[in-house]
Each structure stands twice: as C-alpha cells, then as structure tokens.
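Worksheet: the structure to be examined is printed underneath.
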Amino acid sequence: MYFLTVYKTIQLLLGDLPKQVKVKKLVKLKSLDTKPGIYTAYKTFVHKDKILIKRLLKGIQRKRPSEVQSAILRRHLLELTQSFIIPLERYMASLMPLQRSVTPWKTPPQIRPFNQDEFMATLNHSGPQLTSMLKGDWMGLYRKFFRSTNFDGWYRQRHKEMSQKLECLHLEVICDADLMGWTKDKSEVEIVDVVLKLREKMTKARQQQLQVRDGVVDKLETFIESIISSLPEDLQTLLNSE
C-alpha cells in the first residue's frame, strides 16, 4: 500500500498521468483555473525514464510484490546517482597531488581547489552520458548541486579523506627515508624541530586513526627515541618532558 501511494505520486510527477490530471507550470496557470491537478514551478533537468515507468506500471498490472517494485525503483535511483557522482569523484581525484611530489622533509603539497568551470569542461568527454542513457540538462543539474548544502557536505567529506590520505603518504615517505643519515649534518635546532613535528604528526595520526602502512608509526617512534638519546642531556630532558 505504501509503495503504491509513493508510486502514484512519482507517476504524477514523471508523466503518464490520467487524462483528467495535468501538471501545470505556474507561469501558465490562469487565475480562474480551478481544475484539479498538480501545479509546480520546478524545472526538471533529466528526462523521465519511460522504460522504467512502463516496467513499474506493468508490475502493478501483474500485481508484482511491492518489495520487488521498490527494489526496481531503488536500483534505478542508485544507478542514476552513480552516473551523477562518478564525474565528480573522478575530477576530485585529479586535485590530489602526485605521490612523487610528496617528499620526506618538506610540508606535503596542497590539494588543488575545486574549480567549477574546470569541472564543467570535463563533462564533454567524461560526463554522466558515459554511464546513463537518460538525456537532459546535466550541466544545469550540476550547477544547481553546486549551490546546495549537499555539495558543501560532500566536498568537505571528500577533502577531509584526501587530506588524511596525504598525511598517510607523507608519514610513509618519511619512514622510508634514511632518517639517521639525515641528522648527520644538521644542527641541534633543526633536529629538535623535526622531532617535535614528527611527534605532532604521529599524535594526529592516532587521533584521526589514519590507515598508515604497518610498522610506520613504530619505526618513527624508534627513530625519535634514537635521535633524542644522541642529543645533549639538557635537550634530552626538555624533549622527554614534552
């Protein structure tokens, strides 16, 4: 019963309406028009899927279980969402710095900012048309998405995940470097600065539960202990009290 109610609503919104029920745009609505119907100023961006509608209508005629009807509709919406989000994910991945640009003793490079115009230019060769048969104003839909809070939430989450990945890469690159050899020609001030920065990065890694390669944190802790023990006693006392 629930699915039938939901489906009838979708049926009214997407098309295939009974003859006595019409969807009218507000701009075309006359002031004295009192005929029953659904009135909306909303502009659809993607054309309706006539094949899906016919399939669901046939399911109602054949008394297909509502669970099956719901599964068909959910799968359609999932595939449509994936077609929409894949170009965004692909472009977002391109903003990530190359792994070879991450070096041990320099701050990791920044993730490039999301440029909406640059993204829109990628749609001609990698847009939703590659995975979806539905036609429509996909660019208009993306522009509306960019103005919504949904985009802000999605972008913040993806940026956070990429930043954490960058932190993991940096820790792993440091771990693979010749840590002890690096200290031979460095001043005590430089060495203490590196120890403090490594401690800070390891604390962040634990707090954020970063998925670094096995053994990375242990190796860095051993390195810190070895470096501290090679310093003068006053610096050892200072660093061990941190």
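Table for the structure above
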{"quantity": "From the options S187, S230, S163, residue that is touching a Ser or Thr at 6+ places or on another chain (Cβ under 9 Å) and open to solvent by less than 90 Å² (accessible area, probe 1.4 Å)", "calculated": "S230"}
{"quantity": "Criterion violated by E225 - all others in (1) open to solvent by 80 Å² or more (accessible area, probe 1.4 Å); (2) at pLDDT below 85; (3) not in a loop (DSSP other than H, G, I, E, B) satisfied", "calculated": "(2)"}
{"quantity": "Options K24, K48: the member that is modelled with pLDDT under 90, part of a loop (DSSP other than H, G, I, E, B) and of a type in the set (K, R)", "calculated": "K48"}
{"quantity": "Of all residues in the range 182-203 being among the hydroxyl-bearing types (S, T, Y) and not in a helix (DSSP H, G or I), the one that is nearest to K106 (Cα to Cα)", "calculated": "T183"}
{"quantity": "Top-ranked residue in the range 139-192 [being modelled with pLDDT of 90 or more and among the basic types (K, R); ranked as nearest to E118 (Cα to Cα)]", "calculated": "R143"}
{"quantity": "Sole residue being within 24 Å of the chain's Cα centre (by Cα), surrounded by 15 or more Cβ atoms within 10 Å (Cβ to Cβ) and without any contact (Cβ under 8 Å) to a residue 60 or more places away in the chain, chosen from A121, A205", "calculated": "A205"}
{"quantity": "Residues located in the range 68-109, provided they are open to solvent by less than 60 Å² (accessible area, probe 1.4 Å), more than 30 Å from L220 (Cβ to Cβ) and among the hydrophobic types (A, V, I, L, M, F, W, C)", "calculated": "A71, I72, L73, L80, F84, I85, L88"}
{"quantity": "From F84, F3, residue being at pLDDT 90 or above and among the hydrophobic types (A, V, I, L, M, F, W, C)", "calculated": "F84"}
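The values are calculated or read from the model by the stated rules, or taken from the named source; none is laboratory data. Remember, it's a predicted structure, so these values are computed and weren't measured experimentally. Note that we place each Cβ from the backbone using ideal geometry, even for glycine, and neighbour counts take in every protein chain shown. Each accessible area value is taken on the protein alone, full model and side chains, heavy atoms only, with ligands, DNA and RNA left out. Shrake-Rupley method; radii C 1.70, N 1.55, O 1.52, S 1.80 Å.
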